[in-house]
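What follows is a short report on a single structure.
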Amino acid sequence: MKSAVRKTHGPEVLGGVGGFAGLFDASALRAYSRPLLASSTDGVGTKVAIAQRIDKHDTIGLDLVGMVVDDIVVVGAKPLFMTDYIACGKVFPERIADIVRGIAAGCAETGTALVGGETAEHPGLLGIHDYDVAGAATGVVEADRLLGADRVNDGDVVLALASSGLHSNGYSLVRHIVAGAGIGYGDNAADFGTTWGEALLEPTRLYTQPLLRLIAETNDGVHALSHVTGGGIAANLARVLPQNTWVEVDRSTWSPPPVFRVLADLGDLDLAATEGTWNLGIGFLAVVDAATASAAVSALAREGIAAWQVGVVHTDARPAGDFEQGAKGVDGGAVRLVGTYADAAPASA
């Protein structure tokens with residue numbers, strides 16, 4: 001575990017592993033004219049219950065990094081360092097090591113130093129095999145490079161970036177569906193070629209480094225980013241759009257991957273009914289200058305991330321009907337999904 005953590009450390013990290021506080025040399029920030037620190041904290045929700053059920057803990061850490069560090073890149077920030085917290089009913093060293101190795105792997109992939117963490121036993125509060133994980137990260141962005149709603153213009157193109165699956169949201173619904181169908185997590189899932197538990201633990205795709213490279217390559221072409229987590233596609237896109245703008249996200253531009261379709265069928269749910277819970281195959285959204293859109297799609301493809309256009313930003317009179325707006329306290333733009341999902345994935349996805 002210590003070896004995995006040390007691999008995330010550059011010369012900016014001081015003090016090694018095991019101190020009361022992690023130390024990060026901030027002198028590199030002198031290279032910025034006006035450095036803004038970006039911070040984020042999160043967990044992975046009830047996905048940990050599936051990891052506990054099948055005793056597989058090596059990917060939960062990747063999920064944690066995805067939930068925490070990928071929120072920082074939304075504003076265009078480069079991650080600097082992260083800390084983690086693991087609460088458990090009883091410390092099983094091998095299990096803790098698996099979790100932390102996963103966190104370290106995610107930090108290495110995103111260019112984040114894992115500078116510290118805490119493991120706490122809570123006997124009597126948590127069951128002997130129960131645990132939960134959380135983390136916090138800090139990044140930096142030059143003030144005049146900050147991404148957000150104030151950069152978004154009429155006619156900007158909204159690109160969808162493919163997810164690797166469920167990521168770390170909507171697992172309470174997933175677990176409800178699986179339990180209601182009488183399925184065990186160790187049961188074979190013919191649709192996925194593995195067990196149900198392993199299929200549902202598919203790690204979260206990490207977008208930080210590909211997006212930072214995209215921002216650099218396109219100069220001012222990327223205007224806003226949205227991490228599709230709790231609340232789904234419409235709510236999270238609305239958060240990064242300016243007031244008095246609207247977007248209709250065209251469902252026909254992609255086909256939700258099999259994991260979403262199989263679960264919806266098992267739960268006797270229409271896919272549209274899950275749009276506020278699952279990402280349905282879109283892990284990130286990028287609002288880009290229309291002249292940049294094609295180059296951005298190509299750049300992301302070179303990173304191994306399928307991307308495609310799902311909508312356009314409008315500032316004229318909004319069509320009649322219900323739109324998502326005001327998500328999570330942000331009085332931003334208005335978004336709704338329209339059309340019908342494609343039966344087969346488009347070539348670009």
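Structural remarks
- Between ARG261 and ASP322, the C-beta separation translates, for a Förster distance of 30 Å, into a calculated FRET efficiency of about 0.75.
- Ranked by the mean number of other Cβ atoms within 10 Å per residue, highest first, peptides 244-253, 123-132 order as 244-253, 123-132.
- Ranking of PHE284, PHE20 by solvent-accessible surface, largest first: PHE20, PHE284 (1.4 Å probe, protein heavy atoms only, all chains present).
- Sorting 141-151, 227-237, 315-325 by average packing, meaning the other beta carbons within 10 Å per residue, from highest down gives 227-237, 141-151, 315-325.
- Expressed per residue, the C-alpha convex hull volume of the chain stands at 143 Å³.
- Entries of LYS7/LYS328; LYS56/LYS328; LYS78/LYS328; LYS7/LYS90 with Cα pairs more than 30 Å apart: LYS7/LYS328; LYS56/LYS328
- Here the accessible area of region 221-349 is 48 percent carbon and sulfur, with a 1.4 angstrom probe and all protein chains present.
- For the set SER27, SER3, SER255, SER33, the ranking by accessible area, highest first and with no ligand, DNA or RNA atoms included, is SER33, SER3, SER27, SER255 under a 1.4 Å probe.
- Interchain or long-range residues, amide H under 5 Å from VAL140's placed H: ALA38, LYS78, LEU80
- Per-peptide packing, taken as the mean over residues of other Cβ atoms within 10 Å, places 51-64, 287-300 in the sequence 51-64, 287-300 from highest down.
- Förster-model FRET efficiency, 22 Å R0, ALA301 and PHE192, C-beta, rounded to 0.05: 0.35
- Computed about its Cα centre, the charge dipole of the chain is approximately 700 debye, with only Lys, Arg, Asp and Glu carrying charge at their Cβ.
- The helix-based estimate of mean residue ellipticity at 222 nm for the chain, built from -39,500 (n - 2.57) per DSSP H run of four or more residues and divided by its residue count, is -8000 deg cm²/dmol to the nearest 500.
- The loop-placed chymotrypsin sites (Phe, Trp or Tyr not before Pro) in region 23-127, going by DSSP, that have at most 15 neighbouring Cβ atoms within 10 Å of their Cβ come out as TYR32.
- The slack between ASP150 and ILE128, meaning 0.36 nm per residue of separation minus the straight C-alpha distance, is 3.0 nm.
- For the options VAL44, VAL158, VAL91, a Gaussian network treatment of the chain with springs between C-alpha atoms closer than 10 Å singles out VAL91 as fluctuating the most.
- Potential lengthening between ILE54 and LEU37 on full extension [0.36 nm per residue; Cα-Cα distance subtracted]: 2.3 nm
- Whole-Å distance, taken between Cα centres, linking region 293-327 and region 118-156: 24 Å
- Residues in region 75-112 reached by a label modelled at LEU14 [backbone nitrogen below 18 Å; 7 Å Cα→Cβ]: 80-82
The values are calculated or read from the model by the stated rules, or taken from the named source; none is laboratory data. Because the structure is predicted, anything quoted here is derived from the model rather than measured. So basically every Cβ, Gly included, is an ideal-geometry build from the backbone, and we count neighbours across all protein chains shown. Ligands, DNA and RNA are excluded from the accessible area calculation, which covers all protein heavy atoms including side chains. Shrake-Rupley method; radii C 1.70, N 1.55, O 1.52, S 1.80 Å.
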